[in-house]
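Some notes on the structure that comes next.
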Amino acid sequence: MNERPRIFCVDDDVMSDVILESVFDEAYEVEFFTSAEGCLRRLETQRPDILLLNISLPDQDGFSLCRDIKAREGLATMPVVFISRNESPEVRLAAYEAGGEDFIVKPYVIDEVRHRINRIRQTLEQRETMRQQLAGSEELSSLLLSNMDEYAALIQFMRTLNESVDADAVAQAILAMLHSFRLKGAVQIRMPTQTFTLGDAGRDTPMDTATIAHVAKLDRIFQFKRCCSYNFEHLTVLVNNMPVEDSDLCGRLRDHLAIGAEMADARIQAMVADQRFRLTHNGIEALLPDIRQTISNSLAHSEQAHREAVMQVRTLMDQLVVSFTPLGLNPDLEEEIAAMVLEKTQGLVKIFDRADETNALLHHLEERLRMMLER
């Protein structure tokens, strides 16, 4: 890319052009066109890095213009950002199906527009780096993909899925399956600890994220023209180039993708269960030292209380004998009173002995928790 990336903006709204020029004037070379025809003529001599395209144009709608541009040699991967005042799900899906990279709603929020365009620029730079790194293996990959039939691709996906140890690996496996079927799209993984979207354009791109947010609320399998989505509890798979012109192939791929998406959802569900088990395991493991300390403290407290109670009984009995002398009680009455007091005080002492039962229960609980951790 050039030091100052070039943006083409196709919009017959003059005020919109003024706003965008103020946003991008310093960091980008910006050219404005009020019609599709003017943009197409300029594309014959100059290729922009990013194309901003209004859906409503005086001579051609933005969707068909986008398809015409991407059909030209060398322009298929050029990012197209649709701009419109209409943000309905149908319009967003149509933009996605036409090949849009992102969707910006009028009236503009300047910081949001600047952020989205800068993010696309960063994605383009990353894409170029990846292209250079993969150039050497492109010929071999094409050969392998051309010889891989549909069932072999699905079996390979099953193997990869079985070896996936985290959600990122599952998402990568799904994209690899789409590529093996010559399809493009994105997948969103939803877990209690994270939610992310991964697509051909990168991770958490605005267009993929916004589109999946709409289609995830629809039917289990939902198709709109060439776009098709598979919605499960923990994931949504979105495809944007289903081969609808070949009904037999499209039907087979729909079945394969439904199987693959359901298996991936089950794999994510198992990961969620494993995460919960690990949290419980770690919680029990952290609890054991507290239980041991509680048992130790309880035992020490019980022993101390028992000793003090015995000493208090002895002191009480000694004081009682001394108190009988000035009262002039006969020996039988003194003995009866002393026996009654001793019986009651010994009953109080036995109450402290019941702490041993509590300690035994705590020991039993600790042992059961330890055995659970060892399973």
Legend entry - Solvent-accessible area per residue, Å², over the range 213-263 with all protein chains present [probe radius 1.4 Å]: 48 Å²
Inset, instruction - Taking only the C-alpha atoms, wrap a convex hull around the range 150-266 and report its volume per residue in Å³ as a whole number. - result: 92 Å³
Legend entry - Solvent-accessible area, 1.4 Å probe, carbon plus sulfur percent, for the range 167-232: 54 percent
Legend entry - Probe 1.4 Å, all protein chains present, accessible-area order of E336, E308, largest first: E336, E308
Inset, instruction - Using a 1.4 Å probe over the heavy atoms of the protein chains, calculate the carbon and sulfur portion of the accessible area of the range 1-62 as a whole percent. - result: 45 percent
Inset, instruction - Compute, for K184, the solvent-accessible surface of its heavy atoms (probe 1.4 Å) with the complete set of protein chains present, and express it in square angstrom to the nearest 10. - result: 120 Å²
Inset, instruction - Would you kindly state how much longer the chain becomes between E21 and I110 on full extension, computed as 0.36 nm times their sequence separation minus their alpha carbon distance, in nm to one decimal? - result: 30.9 nm
Inset, instruction - Take Y230, Y108, Y151 and sort them by solvent-accessible surface of the protein heavy atoms, 1.4 Å probe, largest at the top. - result: Y151, Y108, Y230
Legend entry - Cα-derived Rg to Rh of the range 170-235, Kirkwood definition: 0.93
Inset, instruction - Kindly provide log₁₀ I(q)/I(0) values, in the same order as q = 0.14, 0.20, 0.24, 0.27 Å⁻¹, from the Debye equation applied to equal alpha-carbon scatterers of the range 215-261. - result: -0.29, -0.59, -0.83, -1.01
Legend entry - Rounded accessible area per residue of the range 1-114, 1.4 Å, Å²: 47 Å²
Legend entry - Karplus (6.51, -1.76, 1.60) ³J(HN,Hα), θ = phi - 60°, over the range 114-127, in Hz, Gly and Pro reported as x: 4, 5, 5, 5, 4, 5, 5, 4, 5, 5, 4, 5, 5, 5
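For H234, H214, give me the order by solvent-accessible area with a 1.4 Å probe, most accessible first, ignoring ligands, DNA and RNA.
Reading off the accessible areas and sorting them downward yields H214, H234.
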Inset, instruction - Any chance you could tell me what percent of the C-alpha pair distances in the range 47-139 go past 15 Å? - result: 64 percent
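The values are calculated or read from the model by the stated rules, or taken from the named source; none is laboratory data. This one's a predicted model, so the numbers in the text were calculated from it and none came from an experiment. Surface areas here come from the heavy atoms of the whole protein model, side chains and all, with no ligands, DNA or RNA. Shrake-Rupley method; radii C 1.70, N 1.55, O 1.52, S 1.80 Å.
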